[in-house]
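See structure below.
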Amino acid sequence: MNFADSEIVNSVMVERGMAPTDTPDDASVIFINTCSIRENAEQKVWNRLNYFRSLKKKRQGDMVVGVLGCMAERLRERFLEKEKLVDMVVGPDAYRDIPKLLSEVEDGRKAVNVILSQEETYADITPIRTTGNGVTAFISVMRGCDNMCSFCVVPYTRGRERSRPVESVLDEFKLLSDQGYKEVTLLGQNVNSYNHEGRNFAELMYRCSRINPEMRIRFSTSHPKDFPDEFLHVMREQHNVCNYIHIPVQSGNNEILERMRRTYTREEYLALIDRMREMIPGVSLSTDIIAGFCGETEEQHRDTLDVMRRVRYDLAYMFAYSERERTLAHRKFEDDVPEKVKKRRLAEIIQLQQDVATDLNRQEIGRRHIVLVEGNSKRSDEQLSGRTDTNKMVIFDKETYQRGDYVEVEITDASPATLKGTALRKVTLSDSIAEPVTA
Ligand code: 5AD
Ligand code: SF4
């Protein structure tokens, strides 16, 4: 989400006549787009700001430093008064205001706007894409979150849910298609809750999928409450909607799920996973898991491991619980699992996931996948890397293939994180439909 937001800010800045630089040393303005989701995300920002402070000193103060995003909203006083680290503090709904705020700083004032909006979606601002590879791009379709999970600061820092008009998303999609992009990820804190004047995410996804049959579509991130059959149908029927779902479980124990205010039980969650697998054979699944939430017992932790064994996720993002101010958990529950225990439980979760992923990836050997080439592999310019429909990274020899090609690849080797393969032929997404993706 922050990558996508930075591209909106980029557009706002270019509109004001400025251009991005390659290194901070050349910059007259530096923005740092921040995340508050966990303590260590914030710690990284403080470290980075100290570096910018020294840079600014070296330049005799001739540089503007601004903090954008969730931490701006959460810690504005600390940034401006106590720490004296920054000149500008801009919350996630105030990026349009940046030119005005910059003028205030140029007039010698500190500038702040952290007001959250019920409407802002930046629907009319075309992002200037700097973070991608010319093949994959994000479209932000909704912002904010109304779920109020008890551990999560997002509803406080990013505000209420709101969605962009369908037409504005379709227009941006068409533009990316015309520019030669091959994959779009529809983004939102809660993307499946998309709703604009009664038009839901299933409809938005369907309409996007019809724009260009050669354009893959992904989406991120989703709450388990938002997966009606109608949406799973669209995933199944539209060949260019990728068979990959990120479906955060957070915990495998009902009491913890209740305390987290996740609104589902483990049984309901597992039934949803079954339904997904039934409707979309071969669908790949990933999740988010929190270890050591308030009051979690050893037995409750084992329930999480048990759900992981049952589902067998292809990928998981795993975290130790980190208490966030203002959240319900902060107000109501005690963060009473000792740090050492949290770390040990997290290590067990990570180990199990590593074992499952290794196993699942080994099963890929001998199968064939359509890989969208994103660029050279990190290790070698003689090799390309790209992802399967199921979101697995595959590396193979370059030969005559290029970034942006769809290539049918046979998998020859597997590690927990990546697959290796041999390219067979260049294909289009449309002619790959008739053939089974797996051998
Ligand atoms: N502590 C640890 N992990 C958290 N997440 C959100 N809030 C917290 C927290 N306070 C995790 C959840 C969420 C992901 C984006 O970050 O797993 O799905
Ligand atoms: Fe946070 Fe829950 Fe909203 Fe996700 S759904 S952003 S975890 S409050």
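The values are calculated or read from the model by the stated rules, or taken from the named source; none is laboratory data. Keep in mind it's a predicted model, so treat the numbers as computed, not measured. Note that each Cβ is placed from the backbone with ideal geometry, even for glycine, and that neighbours are counted across all protein chains shown. Calculation scope for accessible area: heavy atoms of the full protein, side chains included, ligands and nucleic acids excluded. Shrake-Rupley method; radii C 1.70, N 1.55, O 1.52, S 1.80 Å.
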Six or more apart or on different chains, Cβ atoms under 7 Å: show the pairs whose first residue is in region 325-336 and closer than 15 Å to residue 256 by Cβ and not assigned by TED's automatic domain parsing to the domain that holds residue 37 and whose second is among the small types (Gly, Ala, Ser) and more than 11 Å from ligand 1 (Cβ to nearest atom). 333/295; 336/295
Please give the number of the condition residue 41 fails out of (1) open to solvent by 60 Å² or more (accessible area, probe 1.4 Å); (2) under 27 Å from residue 159 (Cβ atoms); (3) at pLDDT below 95; (4) not β-branched (Val, Ile, Thr). (1)
Residue 139: passes all of (1) in a loop (DSSP other than H, G, I, E, B); (2) surrounded by 21 or more Cβ atoms within 10 Å (Cβ to Cβ); (3) more than 16 Å from ligand 1 (Cβ to nearest atom) but (1)
Just one listed residue, out of 347, 357, is open to solvent by 20 Å² or more (accessible area, probe 1.4 Å), among the aliphatic types (A, V, I, L, M) and part of a helix (DSSP H, G or I), and it is 347
Given (1) assigned to a helix (DSSP H, G or I); (2) aromatic (Phe, Trp, Tyr); (3) under 27 Å from residue 159 (Cβ atoms); (4) open to solvent by 10 Å² or more (accessible area, probe 1.4 Å), where does residue 31 come up short, assuming only one miss? (1)
Go through region 127-146 and report how many residues are at pLDDT 95 or above and among the polar types (S, T, N, Q). 2
Can you pull out every residue in region 242-265 that is open to solvent by 20 Å² or more (accessible area, probe 1.4 Å), part of a helix (DSSP H, G or I) and within 16 Å of ligand 1 (Cβ to nearest atom)? 259
So, of the residues in region 60-76 that are touching a residue at least 12 places away in the same chain (Cβ under 8 Å) and in a loop (DSSP other than H, G, I, E, B), which turns out to be most open to solvent (accessible area, probe 1.4 Å)? 62
Give region 22-43 a look and list any residue that's out of contact with any strand residue (DSSP E or B) (no Cβ under 9 Å at 6 or more places or on another chain) and without any contact (Cβ under 8 Å) to a residue 24 or more places away in the chain, or say none. 22, 23, 26, 43
